[in-house]
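Report on the following structure.
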Amino acid sequence: MEQSANNLIKRKILSNKLYLYLTEFFAGMSVMAVELGASRLLAPYFSSSQIVWTIIIGTIMIAMALGNIYGGRAADKNPNPDRLYGRILIAAVWIALIPVLGKYIILGISGVMIFSVNSNYLVWAAFAACMIIFVFPLFLLGTVTPSLVKYTVDDLEDSGKTVGMLNASNTIGSIIGTFVPTFVTIPAVGTSVTFFLFAGILLLLSLIYFASARKAPVKVTAAVLIFGLCFFFGKNNSFAFWESDLVHEGESIYNYLQVKEDDRRVYLSTNVLFGVQSVYVKGEELTGMYYDYALAAPLMAGVPEKEQADMLILGMGTGTYATQCSRLFSNLSIEGVEIDQGITDLAYEYFHLSREIPVYTYDGRAYLNAVEKQYDVIMVDAYQDITIPFQMSSVEFFTLVKEHLKEGGVMIVNMNMRGSKEGSINEYLMNTIRSVFSQVYTVDVAGSTNRELFASNDPDILAVMERNAAAAENADLAGLMGRIRENLQKCEAGKLVMTDDQAPVELLGMRVIDDLIRDEVTYYKDIYEERGLQGLLEQLQ
């Protein structure tokens with residue numbers, strides 16, 4: 001009698017197709033929200049390159065496909081809706097656990113992969129992280145559509161209409177789930193709270209069903225309790241949770257943002273595991289870093305000899321180079337382009353960038369397409385440690401830069417992944433730039449992986465540089481320019497040229513990362529092989 005009453009209650013709630021369409025709607029929304037959350041969770045560790053996005057999308061599609069198959073078979077075998085909403089409940093709890101455990105899992109996977117994988121580290125680490133963290137809850141959400149078809153199709157004559165409505169509900173939910181995290185929740189409250197928000201929606205959906213069916217009080221209570229504990233302990237948005245002295249840590253629409261500071265320097269990093277993107281040295285004109293080497297460009301362009309000169313920096317970052325140039329060249333008018341407004345805000349707040357230097361929130365290439373102004377110096381500093389924007393590495397882009405240079409103007413490119421092997425990313429970049437400019441020179445920055453490239457169509461840029469360096473009042477600058485001149489290497493034309501149609505920057509960049517990781521961990525691998533895990537732990541202490 002009681003079982004019959006429960007079935008009647010379940011039939012009553014399922015007879016309301018609006019509720020079933022809402023289930024489909026929120027399931028679709030949550031899938032996309034988790035996918036975007038996955039990209040933000042992985043980006044600080046593995047970048048947000050096309051490779052990482054491909055892995056995220058691929059693994060999620062695998063999970064959804066398997067979920068569709070399983071959900072259809074399960075609905076045919078046992079059409080009890082308790083099972084469907086039980087799976088949604090489990091998915092909600094799992095998604096709520098991601099902000100609490102996800103970072104630790106990623107770091108654990110990274111440690112294992114660094115010591116066990118010799119190539120394609122980025123691919124294997126990101127793939128393993130996606131499989132462990134995201135596949136299971138999305139597999140469960142993949143069972144929603146075929147199960148709901150089983151409950152909503154009452155008559156074969158209108159089955160097409162019903163299935164169409166379910167798919168439309170899923171698609172509309174997916175659209176909203178795409179825009180809301182990117183433009184609303186992640187910038188406003190962070191990635192962790194975004195996961196909790198959509199986990200909470202799924203949890204509420206299940207609670208309504210089980211409350212109506214008067215079923216599974218223990219299961220529901222446990223889910224609510226776990227969700228509450230996760231929300232309490234997992235609201236910390238820190239990706240570098242082991243760091244205790246960060247000046248700032250947050251997220252923008254484009255990046256994870258971390259600022260550190262010590263007595264001499266301020267650092268910006270957009271990646272937890274790989275490198276520093278910008279450094280400001282307090283109270284000094286020369287920094288000892290690639291910014292100093294880049295000062296050769298204004299000298300090559302004859303800036304000190306001109307009454308007024310103009311510089312454009314594509315990839316302004318925190319503005320260290322702009323600050324340095326404004327101190328050394330009083331006649332230089334500087335403007336910058338930075339796609340991430342969050343970085344620009346940090347530049348003004350922590351890195352002492354003058355507010356008199358305008359920074360436009362724009363993509364570098366789009367900005368060049370939008371303006372006609374020409375410059376004496378254009379710096380391209382938009383290449384991060386892992387991610388190189390293909391649209392700013394092609395023949396078409398460098399041709400656009402050349403068109404915005406004055407006569408005798410110089411382009412400087414910071415290539416911060418030094419690769420010397422045949423077919424490396426730097427060989428591609430040098431060949432590509434050499435196909436556009438007649439004069440191309442490179443110099444390696446001592447003590448770093450950076451390489452600076454200078455390009456112009458003026459055959460006299462080296463003579464102009466020597467003349468201006470000799471006349472420089474700053475003895476340190478003059479001495480550095482002399483060392484740069486001795487180490488400049490002229491680039492000859494080559495066949496490895498990148499175009500808008502074909503620019504494999506992600507794969508090329510990944511090779512460099514593999515080399516860097518391999519070089520860094522060789523020492524620790526040797527210790528592990530000789531002294532085992534205990535010896536390695538003692539060395540790391």
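A short reminder: the numbers here are calculations on the coordinates, not readings from a lab. Quick caveat, the model's predicted, so the values are computed rather than measured. Every residue, glycine as well, gets a Cβ built from its backbone with ideal geometry; the counts of neighbours run over all protein chains shown.
Key figures
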| quantity | calculated |
| --- | --- |
| Karplus 3J(HN,Hα) series, Hz, for region 261-268 with 6.51 cos²θ - 1.76 cosθ + 1.60 (x for Gly, Pro) | 8, 10, 5, 10, 9, 10, 10, 10 |
| Residues with amide H under 5 Å from that of GLU261, placed H, sequence gap 5 or more | VAL247, TYR267 |
| In sequence order, calculated HN-Hα J values of region 75-80 (Karplus, 6.51, -1.76, 1.60; Hz; x Gly/Pro) | 5, 5, 6, 9, x, 5 |
| Cα Rg over Rh - region 287-503, Kirkwood | 0.93 |
| For SER169, SER212, SER39, SER30, order by how many other beta-carbon atoms lie within 10 Å, fewest first | SER212, SER39, SER169, SER30 |
| Violating pairs (Cα-Cα greater than 26 angstrom) within the set LYS161/LYS215; LYS260/LYS490; LYS406/LYS490; LYS260/LYS402 | LYS161/LYS215; LYS260/LYS490; LYS260/LYS402 |
